[in-house]
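> Encoded as structure tokens, here's the structure I'll be asking about.
The values are calculated or read from the model by the stated rules, or taken from the named source; none is laboratory data. Everything quoted here is computed from the prediction, not taken from an experiment. Quick reminder, even Gly has a Cβ in these numbers, built from the backbone with ideal geometry, and neighbours come from all protein chains shown.
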């Protein structure tokens, strides 16, 4: 069994235990997914405090709804799908209110002091949400075309063209 | 033979390796003789690194887990934890839907083994790594 398959099986096992109210399994699942959910949410909502809120609510939904997970999708696809719905709901609420304040990331990092890193972050922040999101799923989450299409709810051909446009947009931002 | 357009559409997945072997072989064949697509491949690999570095540079703040525990209603009403990191015993009483289940674990050489509490099926309930509760 490959390492990838083993991870999938462990995730399914953890979700099964979470469905049975196993708190230790939930804590382990949190360890595995907190950063992934946070980073994916950040690719959509752009602000760390909102991404944390999405991550928090996502994990609570996972705790409460684990019994409804049918196992016909990967656990990661199910969890990130929940995060995606919550992130866009939150974004809609935010946008109905005042303009989004300037983005502020929660954690300082020495790399952020490097001019190039700042430039790259700014370029990524300038991308439309759907471009940043697809790049995160493909490059960071390393999803297959089929997996990305499933979580985004769009045809595979649309994922390809969206990714193409996202790359062009990022290249343009980086050059500016 | 794949066209440049077909190759460029699939380059991101070729870069990450999350692509069917057959498609990867055909892309490799195309890249061997196409300078434009080679440049596209290099750019995609570079962007992948930028996206990954950017994502890796941020992490959720400490304390979110505590908020999740509270909001999910899985905070212990009472808890006892004796011993050290290497060897110890942890017992807790929580409140869940009007019930008050007791759960516990034995800590041996940094690993926790569940000794009380709800289990399902064949799951032994062995907890890998550190326990949060």
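> When the range B:32-62 is examined, which residues are found to be free of Cβ contacts under 8 Å to residues at least 24 places away in the same chain and part of a loop (DSSP other than H, G, I, E, B)?
Answer for the range B:32-62, where residues must be free of Cβ contacts under 8 Å to residues at least 24 places away in the same chain and part of a loop (DSSP other than H, G, I, E, B): B:33, B:57, B:58, B:59, B:60, B:61, B:62.
> Name, by its number, the condition in (1) crowded, with 18+ Cβ neighbours inside 10 Å; (2) part of a loop (DSSP other than H, G, I, E, B); (3) modelled with pLDDT of 75 or more that does not hold for residue B:133.
(3)
> What single numbered condition from (1) loosely packed, with under 15 Cβ neighbours inside 10 Å; (2) at pLDDT 75 or above; (3) closer than 17 Å to residue A:21 by Cβ fails to hold for residue B:87?
(3)
> Still on this structure, please answer the following. Answer yes or no as to whether residue A:93 is assigned to a helix (DSSP H, G or I), over 21 Å from residue A:50 (Cα atoms) and at pLDDT 80 or above.
Spelling it out, it is not the case that residue A:93 is assigned to a helix (DSSP H, G or I), over 21 Å from residue A:50 (Cα atoms) and at pLDDT 80 or above.
> Let me ask something else about it. Could you say which residue among A:49, A:4 is surrounded by fewer than 14 Cβ atoms within 10 Å (Cβ to Cβ) and at the interface with another protein chain (Cβ under 9 Å from one of its Cβ atoms)?
A:49
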